[in-house]
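Enquirer: Please find one structure pasted underneath; my questions will follow.
The values are calculated or read from the model by the stated rules, or taken from the named source; none is laboratory data. In this text the structure is predicted, and so the values were computed from the model without any measurement. Here the Cβ positions follow ideal geometry from the backbone for every residue, glycine too, while neighbour counts run over all protein chains shown. SASA here: full protein model, heavy atoms, side chains in, ligands and nucleic acids out. Shrake-Rupley method; radii C 1.70, N 1.55, O 1.52, S 1.80 Å.
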Amino acid sequence: MAITLGALLALAVAGIGTYGWYTARQEQQAAEAAVKERREGPLPLAPIPAPKAETPECTSVIDALPRELAVDGTQVPRRELSAPVPRATVAWGNADHDPITVRCGVDAPAELTPTAQLVDVSGVSWLKIDQGGDTSWLAVDRPVYVALSLPGETGTGPLQDLSAILRDKLPKQPVFP
C-alpha cells in the first residue's frame, strides 16, 4: 500500500512538472511569435505632417528607392506598413534588423535654424537629430524635406545611398532661401 501510494505521488509530481514545463513552453512560443510579428509584420508608423508628400518630387524619390537596402553588408527587404499608410513613406526591416524609414515631404523641424550644424554627404546637406538611441537625418537643401530614420547601431550606408538618390533626383537649393 505504501509503495502504491508513493508511486502515485511520484506520478502526480511528474505530471504536474510536465504540465508546468508544457505551459511555460507554450507561453514562450506565443511570446516569440508576437516578437516575430512585431519585427516582420506590417509596421505601424505614427502619422506626421507631410504637406508635400504628394508632390512630383516625392514621387520621384520614393520610386527611386530600392526594394532592398544594404545595411552592414546585408540586404534588408522593404517592410509592409500598417494602415493607414503615411504618404511618401517607405520602410525596410526584418527579424534581424530594426526598421529604417524614409519619409518625403515632411515639415521642417524646429531644430533647423540658421545656426544648426549641417553635415554634407555626397553633396546633400543633412541635419542630424538624435532621438533616444535612434537617429533621424533630414535632407534640407532640396525642394522637399526628406527624413531618414535609423536605429542607433546602423552604419552610414543607408544615408549615403539616399544621398545619391536625392542628388540625382532633386535639384539642390539654398537651405534658407
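Enquirer: Does the stretch 123-141 contain any residue that is without any contact (Cβ under 8 Å) to a residue 12 or more places away in the chain, open to solvent by 30 Å² or more (accessible area, probe 1.4 Å) and more than 19 Å from the chain's Cα centre (by Cα)?
Expert: Looking for residues that are without any contact (Cβ under 8 Å) to a residue 12 or more places away in the chain, open to solvent by 30 Å² or more (accessible area, probe 1.4 Å) and more than 19 Å from the chain's Cα centre (by Cα), one finds none in the stretch 123-141, hence no.
Enquirer: Can you tell me which condition L162 does not meet? The list is (1) without any contact (Cβ under 8 Å) to a residue 24 or more places away in the chain; (2) of a type outside the set (G, A, S); (3) closer than 15 Å to R103 by Cβ, and all the others hold.
Expert: Single failed check for L162: (1).
Enquirer: Counting just the residues of the stretch 51-95 that are of a type in the set (G, A, S) and in contact with a Cys (Cβ under 7 Å, 6 or more places away or on another chain), which one comes out surrounded by the fewest Cβ atoms within 10 Å (Cβ to Cβ)?
Expert: The qualifying residue surrounded by the fewest Cβ atoms within 10 Å (Cβ to Cβ) is A53.
Enquirer: Collect the residues in the stretch 96-110 that are touching a residue at least 24 places away in the same chain (Cβ under 8 Å) and open to solvent by 20 Å² or more (accessible area, probe 1.4 Å), keeping them in residue-number order.
Expert: H97, D98, P99, R103, D107, A108, P109
Enquirer: I would also like to ask the following. Pick from the stretch 148-177 the residues that are out of contact with any helix residue (DSSP H, G or I) (no Cβ under 9 Å at 6 or more places or on another chain) and in a helix (DSSP H, G or I): which of them is modelled with the lowest pLDDT?
Expert: Among those that are out of contact with any helix residue (DSSP H, G or I) (no Cβ under 9 Å at 6 or more places or on another chain) and in a helix (DSSP H, G or I), it is G157.
Enquirer: Can A110 be described as in a helix (DSSP H, G or I) and farther than 23 Å from P42 by Cβ?
Expert: In short, no.
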